[in-house]
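What follows draws every value from the coordinates through simple rules; no lab data is involved. Predicted, not measured: the structure shown is a model, and the values here were computed from it. As a convention, Cβ positions derive from the backbone with ideal geometry for all residues, glycine included, and neighbour counts pool all protein chains shown.
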Ligand SMILES: Nc1ncnc2c1ncn2[C@@H]1O[C@H](COP(=O)(O)OP(=O)(O)OP(=O)(O)O)[C@@H](O)[C@H]1O
Ligand SMILES: [Mg+2]
């Protein structure tokens, strides 16, 4: 479960995230949408404990991200938009390193399972510096799942993945959600949201301007039975944006 309460981030004069409230239940795949610069990554970094909120709070599975940071991080998997890896480690060494950060006992079986799941089994002894962007993205995803997180926070999961990789991630997220994992993901790929997300929120200039299922957003935009793209454009661009 994820609960954001009056969550706010101010950078100088700019309010990047303006007192937002959201609750995401276990088993939900929640889509976090919004134009460039709307505040998605800022929100996600606060959820992952990487940025200090200016005001408000975040609970992950009942643990306050600021006051109980270690407990919150122990149940969270975070996949950033730009993977940060160590060039001079092999894929397997990187996985072993992350498993130690989570104090995992005897992680080797899980490491090989995850490397295989993400199509990296043949690359496990290869240095990360030789990996393509998509392979790095796969490795970060694999490492984020090592400790079997209950909440997965993902910033732009599909960027850089090939069609097979994107399919894998879609199936994986659905499977994790069916087993009770809470998934919170930002994305610009609206077809993926339509295919995967039970609920979405749209953030625009730091404010949540709409929240609900795709159908509910359609009603809000007075565009019932439309695809998400025209709904999104209308809700984020005003009336002049519709054809
Ligand atoms: N460290 C920072 N210092 C000052 N302003 C920042 C900082 N990080 C982000 N911002 C500003 O905060 C706003 C929100 O940025 P954020 O990265 O959260 O947007 P986003 O919704 O993730 O956009 P995108 O879709 O492009 O990834 C932007 O106006 C950005 O310029
Ligand atoms: Mg972003």
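Between residue 57 and residue 81, the FRET efficiency estimated from the beta carbon spacing at R0 = 22 angstrom works out to 0.40. Of 106, 171, 81, the residue with the greatest mean-square motion in the GNM of the chain, using alpha carbon springs below 10 Å, is 106. The alpha carbons of the chain give a radius of gyration and a Dmax of 18.2, 58 Å, in that order. Name the shape class, rounded, prolate or oblate, that the alpha-carbon gyration tensor gives for the stretch 40-85, where a ≥ b ≥ c are the square roots of its eigenvalues, rounded holds for a/c under 1.5, and otherwise prolate holds if a/b is larger than b/c and oblate otherwise. Oblate shape, in that a/c is at least 1.5 and b/c is the bigger or equal ratio.
Our helix-only sum for the chain, with -39,500 (n - 2.57) per DSSP H run of n ≥ 4 divided by its residues, gives a mean residue ellipticity at 222 nm of -10500 deg cm²/dmol.
Length available on full extension from residue 50 to residue 207: 0.36 nm per residue minus the Cα-Cα distance, which gives 54.4 nm. Note on the stretch 112-166 and the stretch 177-227: Cα centroid distance 25 Å, given to the nearest whole angstrom.
Between residue 103 and residue 5, the modelled labels are 2.7 nm apart [label points 7 Å from Cα along Cα→Cβ]. With the cut-off at under 18 Å, measuring from each backbone N in the stretch 16-45 to a point 7 Å along the Cα-to-Cβ line of residue 198 picks out 22-33.
Across 164, 219, 82, mean-square fluctuation computed from a Gaussian network of the chain (C-alpha pairs under 10 Å connected) peaks at 164. Helix 163-178 sits at what angle to the longest principal axis of the chain, using alpha carbons and giving 0 to 90 degrees rounded to 10? Helix 163-178 and the main axis of the chain meet at about 80 degrees.
Relative to the longest principal Cα axis of the chain, at what angle does helix 228-237 sit, 0 to 90 degrees, rounded to 10? Its long axis makes an angle of about 60 degrees. In terms of its alpha-carbon gyration tensor, the stretch 130-230 comes out prolate; a/c meets the 1.5 threshold, and the first ratio a/b outweighs b/c. In the elastic network of the chain, a GNM with C-alpha springs shorter than 10 Å, the most mobile of 174, 13, 45 is 13. Principal-axis analysis of the Cα atoms of the chain puts helix 108-117 at an angle of about 50° to the longest axis.
For the stretch 84-148, the alpha-carbon coordinates run over 29, 21, 17 Å along the three principal axes, in decreasing order.
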